[in-house]
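The next block holds one structure in the form of structure tokens; read it before the comments.
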Amino acid sequence: MKTCFVISPIGDDGSEVRQRADKVLLHIIKPALQPLGYEIIRADSMPKTGMITSQIVNAIVDSDLVIADLTGHNPNVFYELAIRHCSNKPYIHLIEKGDKLPFDIHGVRAIPISVSDIAVASAAINGIKENVRSYEDGHVADSPVSIARKVGELLGDNSLIEELLGRLEELESAVSNVPDEVEWNLDTTIEAAADEVKTHIDEQIEGLKEFLLQKED
């Protein structure tokens, strides 16, 4: 069976933090993942024998999926999440609707959740399912860590840098020539011209992305 480890603020038995964590698990995470065949594990459900820290780290690294609830900016949650980011394996961020993400992971999507708003909870369940299907279809689990490592590898390959600079020069040239390629007339609106320019630039950027992916493979 596939496994999902849940990184979450847990708190003590009976605390508000624990009550909220249990509701997120019961009403959002389980309804999303159990139909997809996942066994769901949280730190407080792990065996008490042995070193609990080692068990948690192993679960974070080895599980097929990790879901991290970033609500409240709990330091333990972010420490454990960083471990998962280093693994380059699938993960999903959750955060209470209205909370803000810290700067370091602001560029990574987090699914808004709520245990008191049925509509938000329902949307979160669907969002989790969509993310899982995307991973199962081959989506790569990029993170700030993996991206930084890729940039480091790129900077260490001089020949690749030269080729990349050449492609960027082609892109710059294409963008500068766009106005000459647009057929202006009295009926052309600003919006239509902008769309044509954007399409041209997008085509060049997609070509650059394909080039980088080929190099990565």
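Please treat every number below as a calculation from the coordinates, not as lab data. Please read all numbers here as calculations on a predicted model, not as lab measurements. Don't worry about glycine lacking a Cβ; one is built from the backbone with ideal geometry, like all the others, and counts go over all protein chains shown.
For residue 10, enumerate residues with amide H under 5 Å from its amide H, sequence gap 5+ or separate chain, H modeled in the peptide plane.
none
Nearest 20 debye, what's the magnitude of the dipole of segment 1-141 about its Cα centre given +1 on Lys and Arg Cβ and -1 on Asp and Glu Cβ? Each step should come with its number before you reach the end.
Values: 14 positive and 17 negative charges, 31 e Å.
It works out to roughly 140 debye.
For segment 2-139, what does the alpha-carbon gyration tensor say about shape, rounded, prolate or oblate, given a ≥ b ≥ c as the root eigenvalues, a/c under 1.5 as rounded, and a/b over b/c as prolate?
Since a/c stays below 1.5, the shape of segment 2-139 is classed as rounded.
Enumerate the amide H contacts of residue 39 below 5 Å, restricted to partners 5 or more residues apart or on another chain; note that Pro and chain-start residues carry no placed amide H.
Placed amide hydrogens put 2, 3, 4 under 5 Å from residue 39.
Give the Debye-formula value of log10 I(q)/I(0) at each listed q (0.21, 0.26 Å⁻¹), with one equal scatterer per alpha carbon of segment 93-132, two decimals each.
-0.64, -0.87
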